[in-house]
Each structure stands twice: as structure tokens, then as C-alpha cells.
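The structure appears right after this line, and notes come after that.
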Amino acid sequence: MDINDSFNNIIDSTVTVHLAEHKTPRQLTSKLGKDTIIGRAKELEDIDTLLKESSSLLLINGIGGIGKSTIASYYLHSQKENLDYYGFFEGLESFTSELREPLALKQEKESDAFLESLTNLRNLKGNKLLVFDDVKDIDENQEKIEKILALKNRGYKILFTSREEIEDIEPYYLDVLLLEDAKKLFNSIYKVEDEELLEDILGYLDCHAFFVEMTAKTLKCKSTLTPEIIKEKFENGEFSTIKRKRKESFNNYLNELFSFDELDDEEILMLKQLSVLPSIEIEFEFLQEIFDKKDDEEFEEILNYLCEKGWLGYSKGSYKLHQVIKEFILFNHTIVFEELEIIIDCFSNLIKRSDDIQVAVDNRNNIIYFDALVNVFDILKIKNAKIGFFFLTLGNITRSLNIYSKAEILYYKALSIHKKILGEEHLYTVSTYNNLATLYYSMEIYEKAEAFYLKALNIWERTLGEEHPNTADLYNNLASLYNIQRFYKKAIPFYFKSLEIKEKVWGEEHTNTADSYNNLALLCQSIGDYKNTELFLIKALKIREKVLGVEHPVTAGSYNNLAEYYRLVESYNKAKPLYFKALNTYEEVLGEEHSLTANIYNNLALLYKSMGINDKVEYFYIKALKIYTKVFGEEHSKTGNSYNNLGAFYYTQKDFEKANRHMKKAVAIWTKTLPENHPHLIGSKTWLDMIEKDILKRTPLKLSKKIARNDPCPCNSGKKYKKCCGKSN
């Protein structure tokens, strides 16, 4: 028998007499924690089930400030009417001090008083629940915890909350608030009418209970701060600097919740590196790839240790660093370039072939990672050639995915770095000029496109020479720009100059040469040279099929171009299968909401219109319009073209109301986006004039008492009312 057992036997032999002299209160502690909660209904139900049906012991586990204390204390309050004894302890250190008076402890020495407390608790009868909140230093207190756990054999339910894991206790991971619960909590303190704005704020906070509450309280007590300003501060990386009171910022709260004191250098570095990634669940295999740790066993051990200590969340093979912990790390333990270089290298490698649209498609799901990195670079103001190149390649990716506003920002970031560090004539600087021009070409801002193309061309002609492949690309790009604006005399020499260089440098079966054949074909088509159109289109297609494969988006572009040619020459049976071949690739690779997919829908509508299959015409036109509106917005030329096509179609169907509505939109858009003498704008105005005249003819004139017999007739005939529409009256 050891000393503890002997001591317990002595205590047990006298405890009955002692308790008879002392009435133990039902509430064993001076405080019970919060008795209110918003939301968490599902979690409370889970906790109740686990404690009552599965086990007498439960650990509520999760990061700091997530609401562990609130849910544990509320659960205690909700159960106390059905309990004979209950208590809420703030950590293990308050155990004996809280119980000294309720249990009338006699022992003065802390260790003896602890054992006396356990003995007295063992002798209490009935339903009992003890809550131990925010338990720390698990390893150092393991022996004490094990003795407390033994109380389950005397009918106790015991609930712990901790950021760390506790051996032999089932953990229940408490996640962030549900969005609806977070809204209720926020609005209970400070009402935000704009639901979308509120969701943006809560999204940034990742529904972290403590900071949802603190943000709402800050707005409530500061009249100069608005939800819009809060959102802007979040987006600008100023979360930690937000002040609730004169000497109380969000960073003070972060430092109260989190500390690196117990972590070694390797663990701290891992958290700093994770802080530049998005606050989402990231699969372990992808983390291995990001950190180049494929065969490193210790890597997983570090991640798991950080989970045990409450820094990371873990679910089904994925790890997550919460947004609020990210803020703490980025503001208080700033990462330097050398520490995040391995991450930049990984993501730069993923998009190094950014000129290939397939690479853009393959990285669609990685945009969230790229955005997180860009945000960190902006916050830390890190600028070097490697980051400049990352901005350039990411600009290419976002441009290929039709995210034009983001691409423009990235290109200018890249340009600023390249000009400052590498100089005006460096390859990366000139590539950025070229890619900015291509972006503006896609956005139909042709003046800017031409200016940047010419700027790049002047540098490369001077530094690389006129027969360099890069110079040839610029000749080709300028030719395409002039072609689309119908400046054919300018386009022709540039196309042939480009083709001559490419055939010489790359040979006739290279994809770069195929691009020139394709573009020459489009020029021939524009000027009505159909014989050479077909010749060049087939030549380009064969090269692309051979080199890229039949399911590559660029090859799909060739199918579409050839189909367009066959539609124009009325070979509809040849055009239709080629359109659908292109459509299948675009839908599968790019998705149904990409502008290239919309182009096929539009072209199919034109095909069915030519074939007289009217129900399919409307269907495909509307499909194209929805995508153009979503991708480009209401005021883009392509959107205007869709309205124009639908307006003309409805006119042929004698649906004049719809025709008028759509054509008016086309005219309004093209008036803003095209020069006055542009054929599209002139054509749409002509259509609108025809439509309005037909409407006037078919609309019975509504007489008004204000029209006198000698007034001009309102039908605009130029005659007096009595000699025109007023004759019958």
C-alpha cells in the first residue's frame, strides 16, 4: 500500500463524521460561467449525448476564443436543475481553492488538500457534473488529471475544455460558429442591415466567436467606425490595428489568446509559413508538395503536435490554421522572404507555363492560394524579381480565366517591380508590356492595347532584332489587333512578317507557326478570301491536333474557327459537328461559364438561325448572353453583341417588344464602347429604327384631348392631324 492509499484510508474513515457536521451545498464553486449563448444548438446536443450516453468524460477541444468556455458553462447552467452537485473550475489551479469552503477542507498543504477534495467528492451521492475550463500544461498536470478522472467511477460526469488534447478523454472538436449563428450574435450587439456586407465581415473573421463579438462591440462604441470601414481595414491587412478603446487594440486581444512561448523554433517557423496560406482545410499531401516534404516523417509529427496544442485544426486528412491565428502571427511574428521562398517556388512552378490555357484551367482551384500569397506580399511590402515574375505569371492565369480586373492589377504590380529592379529592357518587363496589351485587347480597350504592343515591339526590335521569335509574336499580336478593328492594310504586312520568322525559327509544324496560320485565315475571312481561309485554317488545325491533341482548348479554337468558315459559306452539315466538338472541349475543360464557351453558344445560335431552327436560336443566344453579362458585365461590347443578336432574332419572329428592348440595350452599350462610325453601332441603330417604325405602324394611335385638329399629327408624318390619323374622327 502506497502513502496516498494510506492517506485516503485515513480520510475515508473520518469523512462520514465530518460530512455529517457540514452541509455540502449543491453548487460547489463560487462561479458557474456564462448562462447565455447564441446558437450552438447542434453542439450542445452532441455534448449532452456524448456525456450521458457514450462516456462520463468529455473534452471540448479547439483554438483560443472559439467559444469553448461559453458552451461548457451554458451546458452546466442548462443541466443544474437536474443535478445534485455541480461546479465550474477555471483551470486545474482553482480546484482546491474553490472547494475549500464548500467541502470544509481541513488540510492546509496544497497536495494534501487536493487529495482531501477528491475523497470528499467521492462520498457525495446523486447526479454530479464538474466542468474544468481552459485546462493548460497537460503534460505537467497528467497525474492530477488522472486522479480527477477517477471520479467517473463515483457517478460524476466531467467536462473539460482545452486547446490541447488530454490522454484517455474523448475529444469533441468545437469549430467556428455557423454563419447564421454568427449573424445572430453580431446583430444582437450591433445591427447591420446590409446582409451581404455582414457576411463579408463574418467571412473574414471565419465566424470566430470572440472576434465576432469584439468587432460588433467595437462598432457599437465607436461612432466613427462603420461596417464598411471595418471591411476595408480587414481587406487592407489592418485587422490587428483596429482599436476598441484608446489603449486597447485587437492585437492586445490576440496576444491574450495566443503565445509562442511553449513552441520551439521549428514549430514557430511552420506556423509562420502556414500563415501565408489561406485559412482553409488543406490536404496533407498538398502541404507536403508546398513545403517539399514528400519523404519527411517529422513534417507530419510537427503538424500533429501543433494540432494537439490547439494551433491547428484537423479533419479527415486536412489541416487548417484559423484566420484569427493567422492575424496574430502575421502582425506579431512577421515572416521574412527567406522563410516563405519555398512556398513561392512551389506555386510559381505550378504556373510557370502560364501562356498555356490548360495550365490556367488546371490551377482554377488554386486561385485562393495565389490570392492569399498576393495579400501577404502586399501587407509585408516584399518586392523582388522572383515575386515580380510570380505576379506576371499569375496575371496570365487570371486573364485566361476571364478575371480581367485581377489580371490588370497583377500586371501593374509586376511591371512596377520589373522596371525598378530589372530595368526597362529586361525580358520580364517587355513581357509584361505585351501581356498588358493582350489583356486590353481582350477587354476591347484597343488604344491601350496598341500603345503597349508598340512599346514592347520597339524594345525587342532594338534589343533582340527583327527576326527573333519574341519579335515575331509581337508582329502577330499587332496584326490581330489591327484585324479586329478592320485596319486590314496595317494587319497584312505584320501577319506575313510574323509567319516568315516563325517558319524559319520553329518550322512549319510548330504550334507558334500554327497560330500565325490561324490568324492569317481569320484575316482572309475578313476580306472575303475564302479559298485561303479554308487552306490556312486546316493547316493550323492539323498542327494543333498533332502537337496538342484533339481535346486541348487551343485545338477546340481551331474547330470553332473552321466551323465558322463553313457556316459563312453555308456548308452547315460540315459546320455543326465541328461546333459541337469545340463545345464539348470547352464545357469540359473551361466550364460552362467561360467566355470561350459562350462564343460557341453564340455561334451555334447563328448556325441554327441560318438553318431556320428558331427554338434553338433563342436558347443558345440567351445562354451566351448570361455568360457574357456575368464575365464581362453589362457594358462590354460582347454583351452588346448578344443583345443585338437577340434583338434582330426577335424582330424576325415579329416579337417587336422584345426586339425593341434588346436592341436598345445593344445601341446603349455600343454607343459607350465603340466609335461612332463603327459598323456594329451603325447596324444596331439601323435595326432599332426599323423596329420602332414597325411598332408604330402596328400600335393603334391613342387619342388625347390635347391634340387639336390643326396640330401636327403625332405619327410624325408631317401632316396636320385632321388630314392624317384624325381623318376618321
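In table form, for the structure just shown:
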| read-out | value |
| --- | --- |
| On Cα atoms only, tilt of 595-611 relative to the major axis of the chain in degrees | 40 |
| Kirkwood hydrodynamic radius of region 605-673, Cα pairs, Å | 11.8 |
| Region 265-335, Rg to Rh (Cα coordinates; Rh as Kirkwood inverse mean 1/r) | 0.92 |
| Neighbour-count order for VAL569, VAL336, fewest beta carbons within 10 angstrom listed first | VAL336, VAL569 |
| Summed side-chain charge close to ARG154 - residues other than ARG154 whose Cβ falls under 10 Å, Lys, Arg +1, Asp, Glu -1 | +4 |
| Two-decimal Rg/Rh across the chain, once Rg and the Kirkwood Rh are taken from alpha-carbon atoms | 1.14 |
| Kirkwood hydrodynamic radius of region 470-617, from inverse mean 1/r over distinct Cα pairs, in Å | 15.7 |
| Principal axes of region 480-527: Cα extent on each, largest first, Å | 29, 15, 14 |
| Helix 637-652 axis, angle to the chain major axis (alpha carbon atoms, nearest 10°) | 60 |
| Pairs of Cα atoms farther than 26 Å apart, region 3-173, % | 25 |
| With Cα atoms, 0 to 90° folded angle of helix 404-421 axis to the chain main axis | 80 |
| Two-decimal log10 I(q)/I(0) for region 179-257, as the Debye equation yields it once each C-alpha is a single scatterer, q = 0.16, 0.17, 0.24 Å⁻¹ | -0.52, -0.59, -1.25 |
| Stokes-Einstein D in µm²/s, Kirkwood radius over Cα pairs - region 162-296 at 4 °C with 1.567 mPa s viscosity | 75 |
| Entries in LYS222/LYS247; LYS31/LYS247; LYS184/LYS245; LYS406/LYS455; LYS531/LYS574 that, when Cα-Cα distance is taken, lie over 18 Å | LYS31/LYS247; LYS184/LYS245; LYS406/LYS455 |
| Distance violations [Cα-Cα > 22 Å] among LYS109/LYS157; LYS664/LYS720; LYS616/LYS654; LYS665/LYS693; LYS42/LYS157; LYS233/LYS448 | LYS109/LYS157; LYS664/LYS720; LYS233/LYS448 |
| Global size of region 336-463 as Cα Rg and Dmax, reported in angstrom | 14.2, 42 |
| Distance between modelled label sites at GLU281 and LYS697, nm, 7 Å Cα→Cβ extension | 6.5 |
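Coordinate-derived values only; no laboratory data. Everything numeric here is computed off the predicted structure, so don't read it as measured data. We place every Cβ from the backbone using ideal geometry, glycine too, and count neighbours over all the protein chains shown.
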